[in-house]
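The values are calculated or read from the model by the stated rules, or taken from the named source; none is laboratory data. Source: prediction; values computed, not measured. Cβ atoms come from the backbone with ideal geometry, glycine included; neighbour counts cover every protein chain shown. For accessibility, only protein heavy atoms count, side chains too; no ligands or nucleic acids. Shrake-Rupley method; radii C 1.70, N 1.55, O 1.52, S 1.80 Å.
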Amino acid sequence: MHNAYAGRQEGNSVTSHRSDDRLPDLHGWRDTRPRHSPGYRVRRTALSMAATVIVTALVFLTAAIAPAVIDLGHQYNVIPVLPQPSGKSAEPIDPNAGKPISFLLLGQDTRDGSGNEALSGGTAADAGSHNADTSMVVQISADRSYINLVSIPRDSLVDVPSCQTPKGTIPAQYGVMFNSIFSTAWDAGDGLPSAASCTLNAVNALTGLDLQQFVIVDFQGLKDMIDAVGGVDVCVPVDTQDSFTELDLKKGLQHLDGLHATMYARMRHGTGTDGTDVMRTTRQQYLVKQLMNEALSKNLFTQTGQLYQLAKAALGSLNFSSGLGSISTLVGLAISLRNLDPSHFYAQTIPVAEAPSDPNRRVWTADADAVWAKLRNHQPLTLAAASSSTPSATPSESPSATDEQTTATDGTTQSPAPTPDPKTGLITESDGTLIDPNTGGIVNPEDGTITDPNTSEYLGIADRYLNSTVCAVPAQK
């Protein structure tokens, strides 16, 4: 596990809370100065159906949310330019055009509020608890041609640096569960701002990234967002029952509303799961991809008028760091993703292995830094990617697996690299083993799950294979 710590905390939209360079900290990523969490002003944001999809497809998708921002109880209304007889309407400008966008997406596990309590599956003893149920690093390429999403299992053991909050410094912590960073900072600091900022600070330290923004959603917010887009299609590979959430799904393609999709994303018990948080992260990634497909298939990213008008339909579903609370930023980003190829949405769980100290916990493997290095270098999460920031060739552009052998510079003959199947996106080896070309993982033909060939831990779900084979869903055009 990587134990170096980074995190340049800078940027005009971020105010540093560090007041004493002598405060204790762990050493930074290639930097010996102490680092502390950036201070963020959390904003409640009104979302549109596109915000819903974009954020759910960035909170379970991407950070593109559209619409009326609420700050300190004041609502800022946005009036769109109406389409004229020419059929054209003004298109929002993306202020970040030509720049990559990265942020930390946190799913908050809270029982506060009747909606969250009903969706939590917890007991009365859980009231008042605040944990990070889901943590994902999302990166959108500068040319908007691909999206990277990396899940961090909540039960992975990590070392984290000290963190400054308005109520004082939280000392460095060693060998703690990742999701405890959020709850510890919530209790020791000023609630959500400290919880999110300290988690962001820890992620920067663990990965060498320089994330400056975050998006936070709770159970009720996720449910509302999914309902706003009319639900989502999910391929259920086996009959699934969970007594904790009372979820009962039959094998096959299911159209889930917000309630059942949220349960599907959170379940760890019953059939259809092995009880681990690592496997749960794969379903969350799959749900994000399905939501993105839903948005693209409905052309939500091109309907500028709806992005504004529908923005008033769902208030207060998410929390954003101040740098994302800009209408021009969010709407412009949504529109800029309209031509995204769904196959260029790369998602995986950070490589982990069973912790030597506890079989119920995980530690990051040596392969984890190779994943973070791609994000640091702004490269797509695929083994076939070139050194540039553009996605690798599509299957139709790749050499055919049946092409003749080629001669290398040393005179030896080489077989061409195998070509992924254009329908499933997978490579079939001579013995029938299915390989995911993005992670190098082994795909289970029964449920589409991808596992690490070295540790057998889950990495993700082969969504194209699952949809086109297990549930026979036609490919998106």
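Starting from the 7 Å offset along Cα-to-Cβ, what nm value, one decimal, do you get for the label separation of residue 370 and residue 244?
My value for the distance between the label points is 3.2 nm.
Label-point separation (nm) for residue 274 and residue 377, each offset 7 Å from Cα along Cα-to-Cβ?
Roughly 3.0 nm, to one decimal.
Using the eigenvalues of the Cα gyration tensor, what equivalent ellipsoid semi-axes result for the range 159-251 when each is taken as the square root of five times the eigenvalue, whole Å, largest first?
34, 16, 14
Taking all protein chains as present, what is the carbon and sulfur share of the accessible area of the range 427-470, in % to the nearest whole number, probe 1.4 Å?
On the way: 800 of 1880 Å².
On the range 427-470, the fraction of accessible area on carbon and sulfur atoms equals 43 percent.
Distance between the C-alpha centers of the range 331-354 and the range 427-477? Whole Å please.
17
Using the alpha carbons of the range 429-477, what is the convex hull volume per residue in cubic angstrom, as a whole number? Mind showing how you got there, number by number?
On the way: hull volume 4.3 nm³, N = 49.
About 87 Å³ per residue, rounded to a whole number.
So what are the ³J(HN,Hα) numbers for the range 160-166, from phi and the Karplus equation (6.51, -1.76, 1.60; θ = phi - 60°), rounded to whole Hz, Gly and Pro as x?
Values per residue, Gly and Pro as x: 10, x, 5, 9, 8, 10, x Hz.
If you roll a 1.4 angstrom probe over the protein chains with everything in place, what fraction of the accessible area of the range 154-203 belongs to carbon and sulfur, to the nearest %?
On the way: 790 of 1450 Å².
That fraction is 55 percent.
Provide the three semi-axes, in whole Å and in decreasing order, of the ellipsoid equivalent to the range 254-303 as defined by the square roots of 5 times the Cα gyration tensor eigenvalues.
Details: eigenvalues 131, 25, 10 Å².
Result for the range 254-303: semi-axes of 26, 11, 7 Å.
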